[in-house]
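The values are calculated or read from the model by the stated rules, or taken from the named source; none is laboratory data. Since we're looking at a predicted model, the values are computed, not measured. Cβ coordinates were reconstructed from backbone atoms using ideal geometry, including for glycine residues, and neighbour counts include every protein chain displayed.
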Amino acid sequence: MRGPLEGIRVLDFTWALAGPFATMQLADMGAEVVMVEHPQTHEKERGFGPYYEGISTFFFSPNRGKKGIAVDLKTEAGKEVIRRLAGQADVLVENFRPGTMDRLGLGYAALREVNPRLIYAALSGFGQTGPYSHLPAVDAVAQAMGGTMSLNGYRDGPPLRVGVSIGDMVGGLYLALGILAALRARDVTGEGQLLDVALMEAQMALCENAIVRHSAFGEAPTRQGSRHPLVAPFGPFETKDGWIVIANVKEWELFCALIGRDDLAVDERFATNRGRLEHVEELERELNAALREKTTDEWFAVLEPANVCSIGKVNSIADLFDDPHVAARGMLVDIPLPYGLPGSLKLPNSPIHLSKTPTVVGNPMPEHGGDTDDVLARWIGLSADEIGELRAAGVIK
């Protein structure tokens, strides 16, 4: 099998990051994902910059391994093409504002009549129902409204957006997970269904510990920087040549001895985890002073064999390109450029390692409309003449 989803057909109306990140998961697992774009979309309109060889790197990354067709949904002929494609699809995915596809006559109710087995997956900022459903949302809005932004940053500073687009990507991951669940349910019932995932709610799911603490104890969790609300020490500490994360110290006295600070083991302020939390600023000052005495690699050589705590180097993105573990796991993969352009770009491989049906990552992003003829012929049996007539009328590219 070419991945565990081989044979699954996905009609993809997603754009920006959240939706494409979801359908990328399906493509990585072997599904045939066909992106639908407008025939007149210019290459630089497909995604933000920076551009490499005229290609949007923003678009290139989450759209690998997909096919592309170009259909004008404002024409009746174009809508009919989509209805016929939906009749042959297993999954349709869209991340427009709620109501957009309904106004085109291509919403779930309409397409369910065409294909009762269709799984219609809709991703939006706030869901298909509720008082916020009409509002647009981007990554930062999702992080803000879902609670995660209130927990990120320093206690005396402003809320901070997480440095990667978790508002978009976590929503995309939940959408992909929901699609897999719906496919499994269809195996049992024979019927498709509507899947409704909201970016705000995906962020709320990440706040599980903060939410249960508020529910149980009336706490108002807030920003802690890199600290943990329940454990100290916890977070990055400066070394002679970089940063190292120290967390979950299991044997405090041994840890203090290994870093050459036996005095901290007998300091009453730091004798217990509760004391370390209450005096966390003084604790961090002492640990930073101690850990600056050696390089990150030297501390690894001291602390890792002792199994006294969890440790990790704070890698830069450039560090990942030279990391032997990343290389051994094959977690950076070369993806060729489209349109016959020379060269390739490295992207993260799928972190899902299946022993029998491994993921397949290696094909480039779709060329704009590059697979229109192939998909229309294979999925709905259009002849070359019929495809030519649609193209001459401007319905497809």
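Conditions tested, residue by residue: (1) over 23 Å from the mean Cα position of the chain (by Cα); (2) within 24 Å of Glu53 (Cβ to Cβ).
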{"position": "Tyr339", "(1), (2)": "yes, yes"}
{"position": "Pro348", "(1), (2)": "no, yes"}
{"position": "His353", "(1), (2)": "no, no"}
{"position": "Pro358", "(1), (2)": "no, no"}
{"position": "Pro366", "(1), (2)": "no, yes"}
{"position": "Ala384", "(1), (2)": "yes, no"}
{"position": "Gly388", "(1), (2)": "yes, no"}
{"position": "Arg391", "(1), (2)": "yes, no"}
{"position": "Val395", "(1), (2)": "yes, no"}
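In this structure, Gly167 does satisfy being under 20 Å from Thr129 (Cα atoms), among the small types (Gly, Ala, Ser) and either surrounded by fewer than 18 Cβ atoms within 10 Å (Cβ to Cβ) or in the same structural domain as Leu26 (by TED's automatic domain parsing) (or both).
For region 294-301, state whether one or more residues are of a type in the set (Asp, Glu) and within 23 Å of the chain's Cα centre (by Cα). No - not one qualifying residue is present in region 294-301.
Per-residue answers, yes or no, for (1) surrounded by 22 or more Cβ atoms within 10 Å (Cβ to Cβ); (2) within 27 Å of Ile166 (Cβ to Cβ); (3) of a type in the set (Gly, Ala, Ser); (4) in contact with a His (Cβ under 9 Å, 6 or more places away or on another chain):
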site	(1), (2), (3), (4)
Arg46	no, yes, no, yes
Pro50	no, yes, no, no
Gly54	no, no, yes, no
Thr57	no, yes, no, no
Phe60	no, yes, no, no
Leu85	yes, no, no, no
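Residues considered: Arg276, Arg213, Arg223. Of these, the only one that is of a type in the set (D, E, K, R), within 23 Å of Pro159 (Cβ to Cβ) and in contact (Cβ under 8 Å) with a residue 40 or more places away in the chain is Arg223. There is at least one residue in region 164-172 that is under 25 Å from Asp196 (Cβ atoms) and assigned to a loop (DSSP other than H, G, I, E, B). Among the residues of this structure, Phe126 does not count as one that is surrounded by fewer than 14 Cβ atoms within 10 Å (Cβ to Cβ) and over 21 Å from Leu5 (Cα atoms).
If we keep just the residues of region 87-110 that are surrounded by 19 or more Cβ atoms within 10 Å (Cβ to Cβ) and among the charged types (D, E, K, R), which is farthest from Ala18 (Cα to Cα)? Among them, the one singled out is Asp90. Scanning region 23-47 for residues that are within 21 Å of Ser344 (Cβ to Cβ) and touching a helix residue (DSSP H, G or I) at 6+ places or on another chain (Cβ under 6 Å) yields Val33, Arg46, Gly47. Against the numbered list (1) of a type in the set (D, E, K, R); (2) in the same structural domain as Asp168 (by TED's automatic domain parsing); (3) more than 28 Å from the chain's Cα centre (by Cα), Asp196 comes up short only at (3). Which members of region 202-226 meet the condition of being assigned to a loop (DSSP other than H, G, I, E, B) and not acidic (Asp, Glu)? Listed by number, the residues that qualify are Cys207, Gly218, Ala220, Pro221, Thr222, Arg223, Gln224, Gly225, Ser226. Take Arg46 and tell me if it is in contact with a Ser or Thr (Cβ under 6 Å, 6 or more places away or on another chain) and basic (Lys, Arg). Yes.
Of all the numbered requirements in (1) under 33 Å from the mean Cα position of the chain (by Cα); (2) crowded, with 17+ Cβ neighbours inside 10 Å, Asp319 misses one, and that requirement is (2). For region 271-309, residues that are in contact with a strand residue (DSSP E or B) (Cβ under 9 Å, 6 or more places away or on another chain) and not charged (D, E, K, R) total 9. Given the structure, is Gly153 at positive phi and surrounded by 17 or more Cβ atoms within 10 Å (Cβ to Cβ)? Taking the combined requirement at face value, the residue satisfies it.
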